[in-house]
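All remarks here apply to the structure that follows.
The values are calculated or read from the model by the stated rules, or taken from the named source; none is laboratory data. For clarity, every value in this text was computed on a predicted model and none was experimentally measured. Don't worry about glycine lacking a Cβ; one is built from the backbone with ideal geometry, like all the others, and counts go over all protein chains shown. To get the accessible areas, we keep the full protein, side chains included, count just its heavy atoms, and leave off ligands, DNA and RNA. Shrake-Rupley method; radii C 1.70, N 1.55, O 1.52, S 1.80 Å.
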Amino acid sequence: MHRSDPLTFLQTLLTKDYEVEKYAAGRKKPQEREPLVITLSRDYGALGEEIAKRLAECLGIPLYDQEILDLVAKHAKTDKFHYQRHDEQVNASVTTFLYSLVSGTTATLENYRRYLYDVVLQLARNDCVIVGRGAHLILSEKRVFRVRVVGSRQVCAERIAAEQGVSLAEAQNKVLDINVMRHKSIASLFGDHFEHCSLEHATNFDLVINTDHIPAEGAMPVILLALQQAGYNIQSQGQKA
């Protein structure tokens, strides 16, 4: 059986639904649209950043990843260096006491968390894709679509080895180390606020995608269709599928 391009197939489905929604909208009083906010949590090497970029481009909405740390630092009126030890890319186990001795700053974990909440909540007032930083937990009481992108250590390591030109063993260690850091970061930041904050807790997400056998371009129609099924009118967001 011939398999059509998944995005073309999805476009057909969405266009059909859009015509029905447009007709229905003409019979209702106009109302303000809720922002389309997607949070994307990812394993290292699982293609999460590429999927987030494709998703933001397809929907025509902003993407926030590393920019979040810059915004936190700006909000706190300090250099982002002071918060890097609390960011998900670094070791989250460094104590506030040792960190204060090293950096000479009062940028404690509590301060970072407070400013992170402020920044993420502000970003979520408008359409956007937010990568990592526990945004799925910060926005857990808001209407947002929470995606988790995962992959096996072996497959993720193969991607990293090919991309960075390192040995498979080195890539496997890097995948393990960074994933552990991300898990520890989430536990440190949100463990006292959420009973189940682990990235392995599937019910914290609306959609979990394993990219071992699904390429980034294949994950796109899955997410878009899931958004549509969850009640989001993604046609009106500038969707270009």
Some residue of segment 193-201 being of a type outside the set (Lys, Arg) and buried (at least 19 other Cβ atoms within 10 Å of the Cβ): yes
Scanning segment 40-73 for residues that are among the charged types (D, E, K, R) and surrounded by fewer than 20 Cβ atoms within 10 Å (Cβ to Cβ) gives Glu49, Glu50, Lys53, Arg54, Glu57, Asp65, Glu67, Asp70
Can you name every one of the helices (runs of 4 or more DSSP H) wholly within segment 74-183 that holds 2 or more residues which are modelled with pLDDT of 95 or more, within 21 Å of Tyr44 (Cβ to Cβ) and open to solvent by less than 40 Å² (accessible area, probe 1.4 Å)? 153-164
Every residue from segment 188-222 that is under 17 Å from Tyr44 (Cα atoms), small (Gly, Ala, Ser) and in contact (Cβ under 8 Å) with a residue 40 or more places away in the chain: Ala216, Ala219
